[in-house]
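A.B. asks: Quick one: this structure, given as structure tokens, is what I'll be asking you about.
The values are calculated or read from the model by the stated rules, or taken from the named source; none is laboratory data. These figures come from a predicted structure and were not determined experimentally. When we count neighbours, we look across all protein chains shown, and the Cβ atoms used for this are built from the backbone with ideal geometry, even at glycine. Ligands, DNA and RNA are stripped out before the accessible areas are found, and what is left, the full protein with its side chains, is counted by its heavy atoms. Shrake-Rupley method; radii C 1.70, N 1.55, O 1.52, S 1.80 Å.
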Amino acid sequence: MAALQETGAISAVKTKESETTRNYLNSPKGIWSWIYTLDHKRIALLYLFTVMAFFLAGGIYALLLRFELWFHGAGLQTEVMKRGLVGPDTYNQLFTMHGAIMVFLFIVPAIPGVIGNFVLPLMIGAKDLAFPRMNLASYYVYLFGALFCIYSIASGGIDTGWTFYTPYSVETKGSVIAMTLGVFIMGFSSIFTGINFIVTIHKMRAPGMTWFNMPLFVWGIYASSIIQVMATPVLGITLLLLILERAFGIGIFDPALGGDPVLYQHFFWFYSHPVVYVMILPAMAVISELITTFSHKKIFGYKLVAFSSIAIAMVSFLLWGHHMFTSGQSELAATLFSFLTFLVGIPSGIKIFNWVATMYRGSLSFNAPMLYAHAFLSLFSIGGLTGIFLGALSVDVHLHDTYFVVAHFHYTMMGGAVMAFLGGLHYWWPKMWGKMYDEFWAAISAALIFIGFNVTFFPQFIMGLQGMPRRYYAYLDQYQTMHMLSTFGTWILALGFIVMAIYLIHSLFKGKPAPRNPWYALGLEWTTTSPPPTENFVGNPRLLWGCYDYDRVMMDQDGLVTFNPNFKDEHEHDKKKPKEDGKARYETTRSFN
Ligand code: HEM
Ligand SMILES: [Cu+2]
């Protein structure tokens, strides 16, 4: 393996025997060295444990929600069945908690906090993020905010929906203030992470890593960091105003106090539309890495994929009104928002097209991360395309607040962001822990999750089109079959996640040791040991060739990288030499130093 570094793409550094046994996981030792750690890799693991705990909690709420909806069909006449398992009030609390946990406590911090933290510095050849203390602070601020949310749940929960719409959120019982204060505090964590990533990407790249040599993961994280920094303050201010209104009766949003509830919706969605891109841009960033690695092929249209991330981030600030087609805005505004919503389809479509083109004639291998990448491609495409239905002003008037919306956002957030998160987790798992998991069980679990997901959420599109409203604990008999199917799907999903938990935990204790480069990838993170040393690299890494230059290099069984003597650079030719007599001539002229 040491040979990889000497001849390798990305050169580095000799490893002494002692250094292969000492790594960031085992030195320094002791619980305090974890609690006070400034190492981005350890902070990533702290995030990992925490977000997974919240995912479990949110998932249990989801199971309960769906369990409730199993009842209430034709001929169910007993008292329990009429009332359902939990009844209307508890149902309202359950979906609020589920939504708030999944969005604010799980998916927003998940990819940046876990995967961004872990791999960003490794990918650009840095020893850590630019501000390690701020990084640790971002974790604790997140945890501190989460405690308020837990308090809110423990003290009876709230029933406003994750959107906290006024005036209901000003009037309803329950600890709305604790929950919104928690979300407000967590916003700072998100901003800290965003700032840290932006500065790191600007300042800490290894020699040779120009902007257009950066892995696409880094571009995606960069774009989403911009949104985190620019949009989160708006949510913070909005929630603060809501808290002031609720605590002191200052009239801002509540018409009874002279306020304007539509203003709340504008503020809320000005953040919350862009924030769906905080979920999906890092997800797309992961997918770009997975697709190239497991196609063993250069990414198609690097610059377009990179710029489309930035374009999505910019456009995302102009669309918020599509959540308000039915809440009262001028016809002109609604028409414009509808039009602008379609615009975001362009950069998203570019990405999908480029990923598919990358796979075209690649040599594909279907390891677990690639299975998730494929799940992402199909599910996110369905989510994205149904978003166009909802963005169409006339159609949305019919579909608004139906299960069509519930299905749409689960296809994007779970089918998109969560699938990518799982793909990324499986991809970098060997790097994180130095252990391989069992591919067979990983495939079984991915299949269960994919099937369970579709059985759960596809029927919801149909129900939605037929008019089943969202946020209802009961329904008319006509929807019963679809609801039961959907609930049944959650059990398949749950089984898939249980299998995953088992083989991942098993891998930590009994897994085979991971080599440096188990997937034969070219990124810098694969040139260091698995798990990496505390300083990430021994010595200073230097970039010899790009992380997608699969056409330039050859790899042997151990992931050993050498130049490909048969490499022909077609583009080099196009740029420099005019074609002679219609025949293409190739040269291998590019030098790397
Ligand atoms: C694990 C599988 C999941 C299941 C079975 C599930 C199920 C549900 C159900 C039944 C509802 C309530 C629908 C209604 O009555 O209107 C809901 C709402 C919601 N879910 Fe999920 N969900 C899952 C995962 C997720 C994930 C991963 C996310 C986000 C990352 C998410 C975000 C939301 C949001 C934002 C709401 C809306 C809450 C509201 O209306 O205030 N869910 N989900
Ligand atoms: Cu939106």
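A.B. asks: Using amide H atoms built 1.01 Å from N in the peptide plane, name the residues 5+ places from LEU129, or on other chains, whose amide H lies under 5 Å from its own.
C.D. replies: The list, which skips near neighbours in sequence, is HIS40.
A.B. asks: Let me ask another. Please compute the modelled spin-label separation between ILE237 and LYS512, points set 7 Å along Cα→Cβ, answer in nm with one decimal.
C.D. replies: Once both label points are built, they end up 5.6 nm from each other.
A.B. asks: Rank by packing, highest mean first: peptides 336-349, 353-366, with packing defined as the count of other Cβ atoms within 10 Å averaged across residues.
C.D. replies: Ranking the peptides 336-349, 353-366 by packing returns 336-349, 353-366.
A.B. asks: Another question, then. How do MET413, MET123 stack up against each other in accessible area, from largest to smallest, with a 1.4 angstrom probe?
C.D. replies: Listed by decreasing accessible area, they come as MET413, MET123.
A.B. asks: Using the alpha-carbon atoms, what tilt in degrees (0 to 90, nearest 10) does helix 419-433 show relative to the longest principal axis of the chain?
C.D. replies: Once rounded, the angle reads 50 degrees.
A.B. asks: Now, a different point. Could you state the angle between the C-alpha long axis of helix 331-343 and the longest principal axis of the C-alpha atoms of the chain, as a value from 0 to 90 degrees rounded to the nearest 10?
C.D. replies: Helix 331-343 and the main axis of the chain meet at about 30 degrees.
A.B. asks: For the ranges 223-235, 459-471, what's the packing order if you count other beta-carbon atoms within 10 Å of each residue, average per peptide, and put the highest first? Numbers along the way, then the final one.
C.D. replies: Details: 223-235: 23.2, 459-471: 18.8.
Order by mean packing, descending: 223-235, 459-471.
A.B. asks: Express the accessible area of the chain per residue in Å², computed with a 1.4 Å probe while the remaining protein chains stay in the model.
C.D. replies: With all protein chains present, the chain gives 41 Å² per residue.
A.B. asks: Provide the gained length on full extension for the span ASP401 to ALA447, in nm with one decimal, where the gain is 0.36 nm per separating residue minus the Cα-Cα distance.
C.D. replies: 13.5 nm
A.B. asks: Could you work out the local net charge near TYR168, counting Lys and Arg as +1, Asp and Glu as -1, over the other residues with Cβ closer than 14 Å to its Cβ?
C.D. replies: -2
A.B. asks: Can you work out ³J(HN,Hα) from phi for every residue in the stretch 239-253, in order, using Karplus 6.51 cos²θ - 1.76 cosθ + 1.60 and θ = phi - 60°, giving whole Hz and x for Gly and Pro?
C.D. replies: After applying 6.51 cos²θ - 1.76 cosθ + 1.60, I find 5, 4, 4, 4, 5, 4, 5, 5, 6, 10, x, 6, x, 10, 10 Hz.
A.B. asks: Let's see if you can work this out: charge +1 on each Lys and Arg Cβ, -1 on each Asp and Glu Cβ, no other charges. What is the dipole magnitude of the chain about its Cα centre, in debye to the nearest 20?
C.D. replies: Value, rounded to 20: 1360 debye.
A.B. asks: A further question on this structure: Quick one: which residues, 5+ away or cross-chain, put their amide H under 5 Å from the amide H of MET554? H built at 1.01 Å from N.
C.D. replies: Sorted by chain and number, the residues that satisfy this are THR562, PHE563, ASN564.
A.B. asks: Right, here's the next one. For the chain, max minus min Cα coordinate along each principal axis, in Å, sorted largest first?
C.D. replies: Between the extreme Cα coordinates on each principal axis of the chain lie 74, 65, 49 Å.
A.B. asks: A further question on this structure: Whole-Hz Karplus ³J(HN,Hα) for the stretch 180-185, in order, using 6.51 cos²θ - 1.76 cosθ + 1.60 and θ = phi - 60°, x for Gly and Pro?
C.D. replies: 5, 4, x, 5, 4, 5
A.B. asks: Taking R0 as 35 Å, what's the FRET efficiency between GLN557 and PHE144 from their Cβ-Cβ distance, rounded to 0.05?
C.D. replies: Computed FRET efficiency for GLN557 and PHE144: 0.15.
A.B. asks: Then there is this: Report the label-to-label distance for PHE366 and PHE440 in nanometres (one decimal), using points 7 Å from each Cα along the Cα→Cβ vector.
C.D. replies: 1.7 nm
A.B. asks: Given points 7 Å out from each Cα along the Cα-Cβ axis, report the LEU304 to TYR168 separation in nanometres with one decimal.
C.D. replies: The answer from the label model is 4.3 nm.
A.B. asks: How much of PHE458 can a 1.4 Å solvent probe reach, expressed as accessible area in Å² and rounded to 10?
C.D. replies: 100 Å²
A.B. asks: Could you state the orientation-averaged shadow area of the convex hull built on the Cα atoms of the stretch 186-289, in nm² to one decimal? Write down the numbers at each step before the final one.
C.D. replies: On the way: hull surface 29.6 nm².
Spelled out: convex hull of the Cα atoms, projected over all directions, averaged, 7.4 nm².
A.B. asks: Hey, another quick one. Given 0.36 nm per residue, what is the gain on full extension from LEU332 to LEU263 after removing their alpha carbon distance, in nm?
C.D. replies: 23.1 nm
A.B. asks: For helix 345-359, what angle does its Cα long axis make with the longest principal axis of the chain, in degrees from 0 to 90 and rounded to 10?
C.D. replies: So the inclination is approximately 40 degrees.
A.B. asks: Per 5 Å bin from zero, what fraction in whole % of the C-alpha pairs of the stretch 256-377 is there, up to the bin with the longest pair?
C.D. replies: 2, 10, 18, 17, 14, 11, 9, 7, 5, 3, 1, 1, 0
A.B. asks: Here's another thing I want to ask about it. Could you work out the relative contact order of the stretch 440-541? I mean the mean sequence separation of Cα pairs under 8 Å and 6+ apart, divided by the number of residues, in percent.
C.D. replies: Worked out over the stretch 440-541, it gives 33 percent.
A.B. asks: Rank-order 474-485, 418-429 by packing density, defined as the average count of other C-beta atoms within 10 Å over each peptide's residues, highest first.
C.D. replies: Going from most to least packed, we get 418-429, 474-485.
A.B. asks: Taking amide hydrogens as modeled 1.01 Å from N in the peptide plane, which residues meet the under 5 Å criterion relative to MET468, leaving out close sequence neighbours?
C.D. replies: Amide H neighbours of MET468: TYR403.
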